[in-house]
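Below: the structure, in structure tokens.
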Amino acid sequence: MRAVLFDLDNTLYDRDAFRAELAAAVALDDGARRLLDALVAAALPFGVVTNGSAAQGDKVRRLGLDGRAACVVVSEVVGVRKNVLLTAPPPQRR
């Protein structure tokens, strides 16, 4: 035998346990918290845009953003990645 290859996820480690540990550690950065608190205090709506799957919703909830953000856009849910969404030209008005 010259070499052995392993799939990483759920072979060499428990992916679900790893994700659970990561999810438990998710917290807003202090500076981000202060900024969002200031936006809320000023009654200035903010939104969150992220690439990824619907699982990003768990992160949004853990961060407490689901009740604070005016909108949350997740690329796989809307079918457009944020780099396309944010750089696309505005629609033409007729």
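The numbers here are math on the coordinates, done by the rules we state, and not lab data. Just so we're clear, the structure is a prediction, and the values are computed from it rather than from any experiment. Ideal geometry is used to build each Cβ from the backbone, glycine not excepted, and the neighbour counts take in all protein chains shown.
So what are the ³J(HN,Hα) numbers for region 23-30, from phi and the Karplus equation (6.51, -1.76, 1.60; θ = phi - 60°), rounded to whole Hz, Gly and Pro as x?
4, 5, 8, 5, 8, 5, 5, 4
Return the long-range amide H neighbours of VAL49 (sequence gap of 5 or more, or a different chain), with a cut-off of under 5 Å between placed amide H atoms.
The answer is VAL73.
What's the magnitude of the charge dipole for region 15-87 around its Cα centre, counting Lys and Arg as +1 and Asp and Glu as -1 at the beta-carbon? Answer in Debye, nearest 20.
Details: 10 positive and 8 negative charges, 20 e Å.
I would put it at about 100 debye.
Which ³J(HN,Hα) values, rounded to whole Hz and listed in residue order, are derived for region 46-53 from phi using the Karplus coefficients 6.51, -1.76 and 1.60 in 6.51 cos²θ - 1.76 cosθ + 1.60 with θ = phi - 60°, glycine and proline given as x?
Result, ordered by residue: 9, x, 10, 10, 8, 7, x, 9 Hz.
Peptides 57-69, 27-39: what's the order by average Cβ count within 10 Å, highest mean first? Numbers along the way, then the final one.
Details: 57-69: 15.3, 27-39: 11.9.
By packing density, highest mean first, the sequence is 57-69, 27-39.
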